[in-house]
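Reviewing the structure listed below.
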Amino acid sequence: MYSKTQLNSKLKNTRLIVLVLVTLTFILVNLNAPNAHAQKPKKPESVKRVIVVKDYKWSSAGMGRPAIMSEITIENRGENDYEDLAVEVDFYTANDIPLGSLRTTIKEILPAKSEKTFYNLNFGIMHSELKNSVARVVNAELIEKGSPTQAKDLILVKNWEWSGGQYGTEGILKEITLDNRSSEAWKDIEINVNFLGTKGGKLGVRGFTSRAVIHDVIPPRSERTYYGINVGFRHPDAKEVSISVRSADPISDKELKITLAKKEGKTAVKKKKVKKTVNEDGEVVVSDSDSNYGPDGEKLSLSEKYKRKLAEEQGIAPPPADTGSVDTGTSSDDQVAIADQPSDSTQSVKESITATKEDAPKTAQVDEVVGSDDEEEYEYTYEEEVPLPAEDIVVDDFKFSGSVPQTMGRITEITLRNLSDIPYTNIELKIDFFSFGQETPMYSNRATISDVLPAKGEKTFKNIKAGFLNAIPQEVRIKIVTAVPFSQYE
């Protein structure tokens with residue numbers, strides 16, 4: 001009796017232990033399941049599954065004829081934006097026998113969780129009669145999420161106004177306002193003008209979308225209005241219009257400032273870097289950082305440049321020249337007066353060579369200031385020095401010879417001035433010929449100067465071939481087209 005009772009008690013304990021172990025196992029599995037699920041990498045979307053063709057209609061089809069799909073509606077059920085949608089259409093007989101397929105690409109963007117209709121898709125020439133067809137999206141380019149870098153995403157069209165006329169006439173935008181939300185400046189802004197019909201869809205990229213280029217600039221983080229933009233023909237079936245930026249070219253700060261200055265009849269200049277130093281007597285000395293030019297803008301002589309170089313190597317502040325045209329931005333009137341005083345302890349070239357660093361007066365550098373020659377006169381100043389040949393090189397004077405048609409014209413001599421710190425070579429000229437009486441353009445030729453034009457210098461070139469003369473001009477004009485920075489020349 002006792003042994004039976006003891007056996008039953010042990011059996012109950014065993015069952016209880018098993019039950020507790022099962023319960024603990026279940027709890028541990030549930031606790032670890034979310035972590036295992038979270039660690040599992042998310043699979044990329046399948047384009048064929050998330051981009052679905054909802055409906056489509058044919059406008060032209062048949063053996064030997066263009067396969068034109070008048071419209072197609074596509075839905076993006078995914079979480080990402082896609083572009084360049086590759087659409088493939090399979091053709092079948094009435095008995096569902098395959099006849100082949102055609103493919104085209106939609107060069108537009110389909111945002112996530114959206115549905116969009118595209119119009120007038122051309123699949124090429126059909127090689128069979130159209131009976132049955134099945135359209136699907138077989139591929140698309142994923143648009144990576146992040147900060148936009150293209151002009152079409154950074155420049156927005158705020159509003160526009162047409163200059164009279166009706167649809168079916170020449171399209172002139174009286175004004176159009178663009179908003180640049182980027183930190184870059186842009187030029188040559190190309191816009192798309194999409195004419196919309198009664199159904200609200202675009203009538204067609206090839207036949208009913210106009211493009212125009214605004215040959216102007218837009219500064220960073222600014223809103224700017226442009227006037228008198230010709231966009232071509234305004235389609236007579238259009239009821240409304242949508243306008244967007246298609247592309248633009250980024251430009252440097254230098255080109256932006258020069259362009260803006262020209263539009264306002266002003267001049268843009270490069271900021272000069274100057275240094276203020278204090279010698280052991282407490283005197284403020286202002287020096288230009290450009291070793292080839294003095295603070296007054298005059299080119300230094302060979303001995304002056306050599307003397308400045310030696311002084312810099314020995315830690316001696318270069319002797320001040322006429323600093324009347326240098327604006328340090330922070331110097332007081334007293335400091336400028338001190339800097340303008342001639343130094344009694346000016347060393348000769350020989351003394352500079354033989355002087356030791358122990359003998360030289362010690363200086364303490366205060367700061368480095370970026371300023372411009374005349375801040376009041378020049379509103380536009382730029383710091384960077386990037387190649388811009390058409391603006392950097394100026395035609396000061398030239399002499400042209402040629403008085404017989406069908407002979408070689410020559411520029412007997414031409415003087416060019418380089419305003420920049422960049423030496424140029426392979427300078428391309430455009431030579432325009434005019435009829436003097438009515439200022440009528442006749443024709444133009446191109447010429448190239450293979451020699452080097454030094455930085456901040458002026459040079460005269462001789463005997464430049466100017467091409468054959470089709471007729472004898474009454475007036476000749478020359479302008480710079482482009483040039484190659486000497487450091488990039490091979």
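The numbers here are math on the coordinates, done by the rules we state, and not lab data. These figures come from a predicted structure and were not determined experimentally. So basically every Cβ, Gly included, is an ideal-geometry build from the backbone, and we count neighbours across all protein chains shown.
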Amide H proximity to A483 below 5 Å, modelled H, separation 5+ or other chain, gives E428
Tell me the net charge near K479. Cut-off is 9 Å between Cβ atoms, K479 excluded, with +1 for each Lys or Arg and -1 for each Asp or Glu. +1
Ordered by residue, what ³J(HN,Hα) values in Hz, to whole numbers, does region 171-186 give under the Karplus form 6.51 cos²θ - 1.76 cosθ + 1.60, where θ = phi - 60° and Gly and Pro are x? x, 10, 7, 4, 7, 9, 10, 10, 10, 8, 9, 9, 8, 10, 9, 9
Using a 7 Å offset from the Cα along the Cα-to-Cβ direction at both I27 and K459, what is the distance between the two label points in nm, to one decimal? 8.8 nm
To the nearest 0.05, what FRET efficiency results for M63 and V394 with a Förster distance of 60 Å applied to their C-beta separation? 0.35
Whole-angstrom Cα spans of region 61-165 along principal axes, big to small: 53, 43, 19
Given the pairs K266/K456; K158/K263; K270/K479; K116/K187, which are separated by over 26 angstrom at their Cα positions? K116/K187
Counting only residues 5 or more places away or on other chains, whose amide H sits under 5 Å from the amide H of E184 once H atoms are built in the peptide plane? R221
